[in-house]
Amino acid sequence: MLVQPRSQPARTYDEALQRVRAMQALDDGSILPEAGTKLYDHGARTPLAVVLLHGLTNHAGQYREFAPQVHAQGVNVLVPRLPEQGDRNRMTTRLAALTAEALLRSATEAVDIAQGLGDRVVVLGISTSGLLCAYFAQFRSDVARSIPVNPVFALLHFPYVVSRVIGALLLRLPNFFLWWDPRYKMKELPATGYPRFPTHALAQTLRIGDAVIDSAKREPIRASSAVMVTNKRDPAVNNAAARQVVRAWQRLTPQRVQTHEFTTLPVNHDIIDPQNSQPRTDLVYPVLLSLILATPAA
């Protein structure tokens, strides 16, 4: 069973800043400067605060071009570095012991901090962090909008039930590292992300998606709104699983759930990092920005 982290929302802007600095203090000399937790703020609380969550084996630098665009709209933006990621050594093994609970604690702290940065809070994340966003949509009433992007509810194009069995098996088997793409290995982009992942870490992230799906069958989302974003030509996930979650959400709260599917993007999973293999941020960023800024008032 997934252990839910305790939430302690920041009560003031000053408290939020103190907690951001504590998060940044975790970025020691082993972490790339561009990979550490970043805060783009306006020196005071703003009507809207946004948390941007990076994908597995990437880091906060994934949003180095998008976060300033959001900030330019008068928004305080927090981009946390999630646990065990952003190491200077691309071949590090530090991800081997990552758990779903550790990911949730770190992301929960970021959302808690954002409560002191803005009157309303939006959280957006891609891939495994899309699962974190779906989790916050399901379980947090103080999130004004959650935007999961290409969430990994099911691996590759496996049906969800098959993917869930695979995830459970991976946790029981020995932990080993796989290349994201064995054709490119160390040449895999982005150049500062890890080119491989441990099977246990991937399986741990799937536990978060399982918790969302199990709850969505019985309970409405607690966030004020949610927008599920997918790429029709995503090679890494089964979009049918994301649609399954949307149907469950809409069954109980249809007025609070929207979708957006990119239909003209290349075959690509990471549609946010400007250093990905086929960047079309000119198409992606305006849509994501509009979804953020269209967040309904409470």
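Below is a table of values for the structure above.
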{"quantity": "Listing of helices (runs of 4 or more DSSP H) fully contained in segment 92-173 that carry 2 or more residues being more than 15 Å from the chain's Cα centre (by Cα), surrounded by fewer than 20 Cβ atoms within 10 Å (Cβ to Cβ) and not polar (S, T, N, Q)", "calculated": "160-172"}
{"quantity": "Which listed residue, of R207, R256, is of a type in the set (D, E, K, R) and within 21 Å of L288 (Cα to Cα)", "calculated": "R256"}
{"quantity": "Given (1) in contact with a helix residue (DSSP H, G or I) (Cβ under 8 Å, 6 or more places away or on another chain); (2) over 30 Å from P274 (Cα atoms), number of the condition P254 does not satisfy", "calculated": "(1)"}
{"quantity": "Tally of residues being at pLDDT 95 or above, open to solvent by less than 90 Å² (accessible area, probe 1.4 Å) and either outside any loop (DSSP other than H, G, I, E, B) or under 30 Å from R88 (Cα atoms) (or both) across segment 1-30", "calculated": "14"}
{"quantity": "Residue check for A241: touching a helix residue (DSSP H, G or I) at 6+ places or on another chain (Cβ under 9 Å) and either over 26 Å from I113 (Cα atoms) or open to solvent by less than 20 Å² (accessible area, probe 1.4 Å) (or both)", "calculated": "yes"}
{"quantity": "Within segment 249-263, considering residues that are open to solvent by 20 Å² or more (accessible area, probe 1.4 Å) and assigned to a helix (DSSP H, G or I), the one nearest to S141 (Cα to Cα)", "calculated": "R256"}
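Yes/no matrix, rows are residues, columns are (1) out of contact with any Phe, Trp or Tyr (no Cβ under 8 Å at 6 or more places or on another chain); (2) touching a residue at least 40 places away in the same chain (Cβ under 8 Å); (3) at negative phi:
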| site | (1), (2), (3) |
| --- | --- |
| L104 | no, yes, yes |
| A110 | yes, yes, yes |
| A137 | no, yes, yes |
| P148 | yes, yes, yes |
| V162 | yes, no, yes |
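The values are calculated or read from the model by the stated rules, or taken from the named source; none is laboratory data. Owing to the predicted nature of the structure, the values given are computational and were not obtained by experimental measurement. In this analysis, Cβ positions are derived from the backbone assuming ideal geometry, glycine residues included, and neighbour counts consider all displayed protein chains. To get the accessible areas, we keep the full protein, side chains included, count just its heavy atoms, and leave off ligands, DNA and RNA. Shrake-Rupley method; radii C 1.70, N 1.55, O 1.52, S 1.80 Å.
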